[in-house]
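**Student:** Before I ask anything, here is the structure I am working with.
Readers should treat all values here as calculations from the given coordinates under stated rules, not as data from a laboratory. On a predicted model such as this, the values are computed, not experimentally measured, just so you know. Backbone-built Cβ (ideal geometry, glycine too); neighbour counts: all protein chains shown.
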Amino acid sequence: MALSDEIARRRTFAIISHPDAGKTTLTEKLLLFGGAIHIAGAVKSNKIKKTATSDWMEIEKQRGISVATSVMGFNYGDYKINILDTPGHQDFAEDTYRTLTAVDSVIIVVDVAKGVERQTRKLMEVCRMRNTPVIIFVNKLDREGRDPFDILDELESELKISVRPLSWPINIGEKFKGVYNIYEHSLDLFTPDKQRVSERVEIDSVDDPRVDESVGETDAAKLREDLELIEGVYPEFDREAYLRGEVAPVFFGSALNTFGVKELLDCFVEIAPAPKPTTAEERVVKPDEEGFSGFVFKIHANMDPNHRSCIAFVKICSGKFERNAPYKHMRTGKMLKFAAPTAFMAQKKSIVDEAYPGDIVGIPDTGNFKIGDTLTSGEAIHFKGLPSFSPEMFKYIENADPMKSKQLEKGIQQLMDEGVAQLFVNQFNGRKIIGTVGQLQFEVIQYRLEHEYGAQCRWEPISLYKACWIESEDAEALAAFKKRKYQFMAVDREGRDVFLADSGYVLQMAQNDFPKIKFHFSSEF
């Protein structure tokens, strides 16, 4: 198959939402339709001792939440689909922001009872910055929730995007009877079942008498009324406006009961964008170029705890990636060959011989890679860096078991490579400080150090407000600042100077007193 055909059949997208809106369950069901799995594990069900395919880390199974982005690829009809299931919890938002740099479109999951929540709003801002096309799936219609028209109004006002329903529910909660598919003009009747797909009634239009037979006259009349209102209020669906990120198609369903998911998937593969050009510092890179290029957007330590292996996730931007071909690592200038690149199904890996733009390839990493690294077949291009934000919470990390200091060192090093937290070494007392975006990350780090590396750590409190990267063109001013603030100076893993301000007032005073010093709040500068 020609390169252009391979690109045209790729669909790479992320599923994002607030925690508990049903994102991981939706991922499961999409895999079920793709034939990638044959039985869905109800994420929190204790009856089935099976957890969600995409939640494979031990701590994820215990907590019933996703803490790392997982990558899953499968074929659906003529299409090759790559799903990135992201953590919804705000403490892991940074992982999600980085994932959004590697996808061409996004599906946002919204709970019908709770509507738009804080985390969804923040993630939508990132999509808006990048003009990423968005489809919205309103989930949990088999539970009591809000009126669908109210939900549409809230989506428009909260997410600041025009919406266009492409399916419409017939009642919700206990009276939920099914969904009318506006996009395909068909009726899907609801039967609660976590494994099987519900029945579909083929109809010519919503005025077909079979609608009355299937859902009853009262509900059929209300459905016709609602659809008339939709046609009057919302403009026709315009695919170009969707691709520009101006309009979000909306689907309704229940992911847990596999309902409304196939309609979403069928429409998605048809309208969603194939891999798009990527902006590098030097130029815009088009997917159909001959030369290979890609960037590392995520590193995961311990995909297989028996081998202590790290995997670098590479998003392919252009050309064809081939196993054992030499590629240039732009940051170090070295030529590298990869004998065992892998494709993913969450934790299950299979070796791939070739991959195309839009695909995500896992490369075994022995410490060569950092997040944001570029690989090419020779041309000097650098994809724009992926930001690390200034942490908001800080703790000293101390070794709780002196016999295991090597394991602790290695564990901290590999977990920091993942980019979930940042390590600073205080220049005054040499103590290690871990900075994170949220409290939950400290628990995850401690848990993973113990269970994956056999190392014990303990946290000690430290009162800090912000970590700022500092630089100056005036060497004397920089030296004077470091001398004055030496108790609050640290270095990050790259050896860059970091000022640890213990209050907003101290930070403001430092900025006023040292006008020649530049303060940065993200490490991408």
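**Student:** Determine the sum of side-chain charges near Phe321: Lys and Arg each +1, Asp and Glu each -1, restricted to other residues whose C-beta is under 10 angstrom from that of Phe321.
**Tutor:** That works out to -2.
**Student:** Given the peptides 101-113, 356-368, 2-14, 395-407, arrange them by the average over their residues of other C-beta atoms within 10 Å, most packed first.
**Tutor:** Working: 101-113: 23.8, 356-368: 20.7, 2-14: 18.5, 395-407: 14.7.
My ranking of the peptides, most packed first, is 101-113, 356-368, 2-14, 395-407.
**Student:** Bin width 5 Å, alpha-carbon pairs only: give the P(r) of region 228-293 as whole percents, running from 0 to the bin holding the largest distance.
**Tutor:** 3, 12, 16, 16, 16, 14, 9, 8, 5, 2, 0
**Student:** If you take the beta carbon distance between Asp353 and Leu229 as r and set R0 to 41 Å, what does 1/(1 + (r/R0)^6) give as a FRET efficiency, to the nearest 0.05?
**Tutor:** The computed FRET efficiency comes out at 0.20.
**Student:** Can you give the extra length, in nm with one decimal, that the chain gains between Glu144 and Thr366 once fully stretched, where that is 0.36 nm per residue apart less the Cα-Cα distance?
**Tutor:** 74.9 nm
**Student:** Related question: Can you work out the Karplus-derived ³J(HN,Hα) for every residue in region 171-178? Use 6.51 cos²θ - 1.76 cosθ + 1.60 with θ = phi - 60°, whole Hz, and x for glycine or proline.
**Tutor:** The phi angles translate into 6, 9, x, 5, 8, 4, 10, x Hz.
**Student:** Oh, and also: With an 8 Å cut-off on Cα pairs and a minimum separation of 6 or more residues, tell me the relative contact order of region 418-499 in percent.
**Tutor:** Averaging sequence separation for qualifying contacts and normalising by length gives 37 percent for region 418-499.
**Student:** Taking the Cα atoms of region 381-525, report the difference between the largest and smallest coordinate on each principal axis, in whole Å and largest first.
**Tutor:** Extents along the principal axes, in whole Å: 47, 40, 24.
**Student:** Using the Karplus curve 6.51 cos²θ - 1.76 cosθ + 1.60 with θ = phi - 60°, work out ³J(HN,Hα) for each residue of region 21-28 in order, rounded to whole Hz, and write x for Gly and Pro.
**Tutor:** Values per residue, Gly and Pro as x: 7, x, 5, 5, 5, 4, 4, 3 Hz.
**Student:** At each listed q (0.13, 0.30 Å⁻¹), what is the log10 of I(q)/I(0) that the Debye formula gives for region 464-525 modelled as equal alpha-carbon point scatterers?
**Tutor:** -0.29, -1.64
**Student:** Here is a further query. What list of ³J(HN,Hα) couplings, whole Hz, do you get for region 244-252 from phi and the Karplus terms 6.51, -1.76, 1.60, once you set θ to phi - 60° and write x for glycine and proline?
**Tutor:** Coupling constants for region 244-252: 7, x, 9, 10, 10, x, 10, 10, 10 Hz.
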